[in-house]
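The values are calculated or read from the model by the stated rules, or taken from the named source; none is laboratory data. Everything quoted here is computed from the prediction, not taken from an experiment. Note that we place each Cβ from the backbone using ideal geometry, even for glycine, and neighbour counts take in every protein chain shown. To get the accessible areas, we keep the full protein, side chains included, count just its heavy atoms, and leave off ligands, DNA and RNA. Shrake-Rupley method; radii C 1.70, N 1.55, O 1.52, S 1.80 Å.
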Amino acid sequence: MSYVRILSQVSIFERLDAHALESLSSLLRPRRFSKGDVVFRQGDVGRSLYVIQQGEVAIRLCSHEGKEVILALLSRGDFFGELALLDGEPRSTDAVAREDTELLSLQREDFQRFLDTRPQLALGLLATLSRMVRHVTRLVHDTHFLDARERLVRVLLELARHQGQRATDGVVIPQRFTQTEIASLCGLTRESANKWMRFFVREGLLAYEGGRITLVRPEQLE
């Protein structure tokens, strides 16, 4: 089966031509995970990159006390585990399927052989690492300099920019989130995140029904 179409939507491979994408497609292997399944855990040996063909995956950190922070929520066309392609070191996060999910895996050895013949792919890797550093820098900034209300607003606006769909009643974020997931994305307690979610709903700036968030007046949140 050819996976060229999904590969063409992956930013790390955007500099490859159709022939290169076809060659890379032959190296991918499909894997399926049910909702709640762990794709890998922090500390596992990293041997492959994953591309999401269908479904959703949460990238998270967990403490020994059971506290959890969600670093990213990924969907079709997103990829994760890319550091394994470079160093083969242990995984630095957990990856968990949020729903029934189909992934395409690319083994480190196959990728390195492919990279030897397509050096332009290194530019895609550098751009990915640059975005990763910027993301981590923003998380550190938010944790130290923004209060709970501002951190929630920042996360909601970012979700709207990347996933938002215009509707008659505002900007709808199609992914569904539990209250715990919202808090984890913001690095807040569930109580603190719920307090401000309820506040914005009362003010008519948000709607939150059945796990789906709508930014009713995103310009005011901005």
Extending each Cα 7 Å along its Cβ direction at residue 217 and residue 138, get the distance between those two points in nm, one decimal.
2.5
D (µm²/s, integer) via Stokes-Einstein for the range 18-70, Kirkwood Rh across alpha-carbon pairs, 4 °C, 1.567 mPa s: value 93
Length gained if residue 68 through residue 122 is fully extended, taking 0.36 nm per residue and subtracting the Cα-Cα distance, is 16.2 nm
Over what distance in Å are the Cα centres of the range 169-222 and the range 117-154 separated?
22
Projecting each Cα onto the charge dipole of the chain (Lys/Arg +1, Asp/Glu -1 at the beta carbon, about the Cα centre), which of 103, 140, 10 comes out farthest on the positive side?
140
How many times 2.2 N^0.38 Å is the alpha carbon radius of gyration of the chain?
1.09
Assigned charges on the beta-carbon of Lys, Arg, Asp, Glu; the range 47-101 dipole about Cα centre (debye):
20
Quick check: at a probe of 1.4 Å, how many percent of the accessible area of the range 1-81 sits on carbon and sulfur atoms?
45
Any idea how far apart residue 18 and residue 145 come out in nm if each label point goes 7 Å out from Cα toward Cβ?
4.7
Segments 122-130, 140-148 sorted - mean Cβ within 10 Å per residue, highest first:
122-130, 140-148
Area of residue 201 that stays accessible when all protein chains are in place (1.4 Å probe, Å², to 10):
60
Note down the nm distance, to one decimal, between modelled labels 7 Å out along Cα→Cβ at residue 202 and at residue 100.
4.1
Could you do me a favour and compute the accessible area per residue for the range 1-124, 1.4 Å probe, result in Å²?
52
